[in-house]
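These notes concern the structure reproduced below.
Derivation of every value follows stated rules applied to the coordinates shown; laboratory data play no part. This is a predicted model, so every value here is computed, not measured. Cβ placement follows ideal geometry from the backbone for every residue including glycine, while neighbour counts extend to all protein chains displayed.
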Amino acid sequence: MSAGSPDRRLRPRFWDTVPLARMRPEEWEALCDGCGKCCLNKLEDEDTGEVAFTAVSCRLLDTESCRCGNYPIRKQLVPECVVLTPKSLPEVAYWLPQTCAYRRLHEGRGLADWHPLISGDPESVHAAGVSVRGLAVPEFAVTEDEWEDYIIDEVP
């Protein structure tokens with residue numbers, strides 16, 4: 001979908017009118033804003049359940065585009081990858097960043113004004129400073145023992 005040209009398979013403002021569980025596959029996928037935050041490795045405290053984001057990204061994340069480098073078979077290549085679905089969302093929403101469209105809609109909040117579905121521009125997420133572009137460090141560059149050294153506040 002090019003900036004400014006709507007995808008004809010998407011119903012107008014579907015995110016406001018269609019429950020997450022009833023979205024068409026292309027609508028579900030269009031909710032992803034391309035921030036790349038879900039591809040940052042996280043550390044979860046076993047006692048408190050608190051989730052800490054790290055700047056260490058999944059090995060498949062293209063840190064420039066903030067998109068998965070092999071999305072169709074990501075689960076095969078990275079078995080620990082969480083495949084987000086309407087069914088799995090309630091279980092993992094706490095783990096998603098506050099800005100995530102899936103989490104926002106699950107929690108009854110609308111899309112942010114910088115979301116590409118609102119702005120019509122896939123670069124708006126980066127221009128708003130809410131993506132991992134320029135922040136993420138590929139996991140192959142850091143040992144797992146060093147992840148704690150890369151804990152960050154959640155990207156705005």
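Taking every DSSP helix (H) stretch of at least 4 residues in the chain, weighting each as -39,500 (n - 2.57) and dividing the sum by the residue count yields a mean residue ellipticity at 222 nm of -3500 deg cm²/dmol. Short-range pairs are left out: with C-alpha atoms under 8 Å and at least six residues apart, the relative contact order of the chain is 32 percent.
For the pair segment 42-60 and segment 105-151, the centres of their Cα atoms are 14 angstrom apart. Dipole orientation for the chain: of the candidates I152, G49, P79, P79 has the Cα lying most toward the positive pole (charges on Cβ; Lys, Arg +1; Asp, Glu -1). Around the Cα centre of the chain, unit charges on the Cβ atoms of Lys, Arg, Asp and Glu (plus for the first two, minus for the last two) sum to a dipole of about 1200 debye.
Highest mean first, how do 41-53, 106-118 rank when packing is the count of other Cβ atoms within 10 Å averaged over residues?
Top to bottom by mean Cβ count within 10 Å: 106-118, 41-53.
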